[in-house]
Amino acid sequence: MIDSLDLAARTDALTIEDLRARGGLKWTSVPPGAIGAGVAEMDMPLAPAIVAALHDAIDHGTTGYLPPALAAGVSESTAQWQARYGWAVDPADVHPVGSVVTGFRILLEYLTDPRAPVVLPVPAYMPFLTVPATAGRELVTVPMKIVPDGPDGRDRRYEFDLPAIAAALRPRSVFVLTNPHNPTGRVFTDDELLALAEVVDNAEAMVFADEIHAPLTMPGFTHRPYASLSAITAGHTIGGTSASKGWNIPGLGCGQLILTADDARAAWDGLDPFTKHGGGVTPLGAVATIAAYTRGADHLAAVVDYLAAGRDLFRAELADALPGAHLFPVQGTYLGWLDLQGVPVDPATVAERVGVHGVDGAHCGMPGFLRVNLAMPHPLLRQAARRLGLLAAS
Ligand SMILES: Cc1ncc(COP(=O)(O)O)c(C=O)c1O
């Protein structure tokens, strides 16, 4: 078993060349020598339980279409994992889908009213800004508020702008709730979620609760599944989740929709089988997901420890190297959200100027910001902060 120390030592030892040789998208899509901090993949070793389960599946030739036993295993293990957050999910409400974004598309096309708008707080995970149009849906973006944070009020964090959300919602609108939030790093509190629920309920709208980053909730914060808060939230929610972020298996193709709203359950039951299995849940994805949810908790704990230490290191290094930048508190996810307006620099030019390839905030609906993936070896995080520091001089 990999403990925290092993995981940290093994990850710390990885060089840019090692990571490029591994062949992942994050490091091979940037020039040699550059820092890949865009694509949401992690550099830590894969959980041994997942490695063993995948080898076993390959040895058995489990490479055909998804068999019912594996589909049921995904539903049961997802429900089992959600119990950690105090949510008693009926496995019959959990439906494997190819990915969370595929699930979102299914929801837009088949499970919700096509005439009702999608309401999205921004900044947001990039596909949420583009996918609604491909499903013929109207998109209304609502900027989040920035409020003071921290003991002395000198830090800043994002909150929902509830009056603006209330003004945007229509009956049967789909409000997109990402929690923990990509890219702002927020883990929303019960009070915030309940206040949001009241606004959604008053508007007779519904919620797509994307909780894919829940396993990556940082120490000191608590993830609460939105649908678990009350009968009202359960009644208006379609949940989307996956083991793909927490255990770094997005390429294997397995997400989960959790349907607790009666009309969404009925709409799902009416779908043809090919749409239900749309987007290709793979047997290897199912095998890895079951291993993650049932035997991956210790490994995840080591990953979260490493991420939290990396976040703290990056924050300290960046404060020295580029004091004009502001890193929002990373309460969950491994994504750093940097306000570069005080530097000032156009985030679209950062990669070319200093070789740190993040995501331009404009793609998240918020120009002037940069999203930086912090799930990399700590020596490279230090290097990333120092390279960003060169922006001050350029
Ligand atoms: C909030 C959020 N939702 C969904 C996804 C993508 O998940 P999937 O690969 O299962 O579509 C990501 C990936 O980074 C994400 O951050």
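The values are calculated or read from the model by the stated rules, or taken from the named source; none is laboratory data. Here the structure is a predicted model, which means the values were calculated and not measured. Neighbour counts run over all protein chains shown; Cβ positions are idealised from the backbone, glycine included.
When region 61-90 is limited to residues that are of a type in the set (Ser, Thr, Tyr) and within 21 Å of the chain's Cα centre (by Cα), the one that is nearest to the ligand (Cβ to nearest atom) turns out to be THR78. Candidates PHE175, PHE208: the one that is farther than 25 Å from ASP339 by Cα, within 11 Å of the ligand (Cβ to nearest atom), out of contact with any Pro (no Cβ under 8 Å at 6 or more places or on another chain) and at pLDDT 95 or above is PHE208. Pairs meeting the criteria (first residue in region 194-215 and among the small types (Gly, Ala, Ser), second residue assigned to a strand (DSSP E or B), beta carbons under 6 Å, at least 6 apart or on different chains) are ALA205/PHE175; ALA209/LEU177; ALA209/THR237; ALA209/GLY239.
A quick yes/no check of all residues on (1) of a type outside the set (Phe, Trp, Tyr); (2) within 21 Å of the chain's Cα centre (by Cα); (3) surrounded by fewer than 24 Cβ atoms within 10 Å (Cβ to Cβ):
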| site | (1), (2), (3) |
| --- | --- |
| LEU252 | yes, yes, yes |
| ARG265 | yes, no, yes |
| GLY270 | yes, no, yes |
| HIS277 | yes, no, yes |
| THR289 | yes, yes, no |
| ASP298 | yes, yes, yes |
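Applying the criterion of being over 24 Å from ARG170 (Cβ atoms) and of a type in the set (A, V, I, L, M) to the residues of region 91-120, the residue that is nearest to the ligand (Cβ to nearest atom) is VAL100.
Pick from region 1-30 the residues that are in contact (Cβ under 8 Å) with a residue 12 or more places away in the chain and of a type in the set (Lys, Arg): which of them is surrounded by the fewest Cβ atoms within 10 Å (Cβ to Cβ)? Ranking the qualifying residues of region 1-30, first place goes to ARG10. Here the condition is being free of Cβ contacts under 8 Å to residues at least 12 places away in the same chain and of a type in the set (A, V, I, L, M); of ALA57, ALA83, it holds for ALA83 alone.
Per-residue answers, yes or no, for (1) of a type outside the set (A, V, I, L, M); (2) part of a loop (DSSP other than H, G, I, E, B); (3) within 16 Å of the ligand (Cβ to nearest atom); (4) closer than 19 Å to ALA71 by Cβ:
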residue: PHE221; (1), (2), (3), (4): yes, yes, no, no
residue: ARG224; (1), (2), (3), (4): yes, yes, no, no
residue: ALA227; (1), (2), (3), (4): no, no, no, no
residue: ILE232; (1), (2), (3), (4): no, no, no, no
residue: GLY240; (1), (2), (3), (4): yes, no, yes, yes
residue: LYS245; (1), (2), (3), (4): yes, yes, yes, no
residue: LEU257; (1), (2), (3), (4): no, no, yes, yes
residue: ALA266; (1), (2), (3), (4): no, no, no, no
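If the condition is being within 23 Å of THR349 (Cα to Cα) and part of a loop (DSSP other than H, G, I, E, B), then region 10-45 contributes SER29, VAL30, PRO31, PRO32, GLY33, ALA34, ALA37, GLY38, VAL39, ALA40, GLU41.
Which of the residues that make up region 135-159 are more than 16 Å from the ligand (Cβ to nearest atom) and either within 21 Å of ILE212 (Cα to Cα) or without any contact (Cβ under 8 Å) to a residue 12 or more places away in the chain (or both)? Across region 135-159, the qualifying residues are PRO148, PRO151, ASP152, GLY153, ARG154, ARG157, GLU159. When you check ALA92 against the structure, is it more than 18 Å from GLU211 (Cβ to Cβ), modelled with pLDDT of 95 or more and either surrounded by fewer than 19 Cβ atoms within 10 Å (Cβ to Cβ) or small (Gly, Ala, Ser) (or both), yes or no? Yes.
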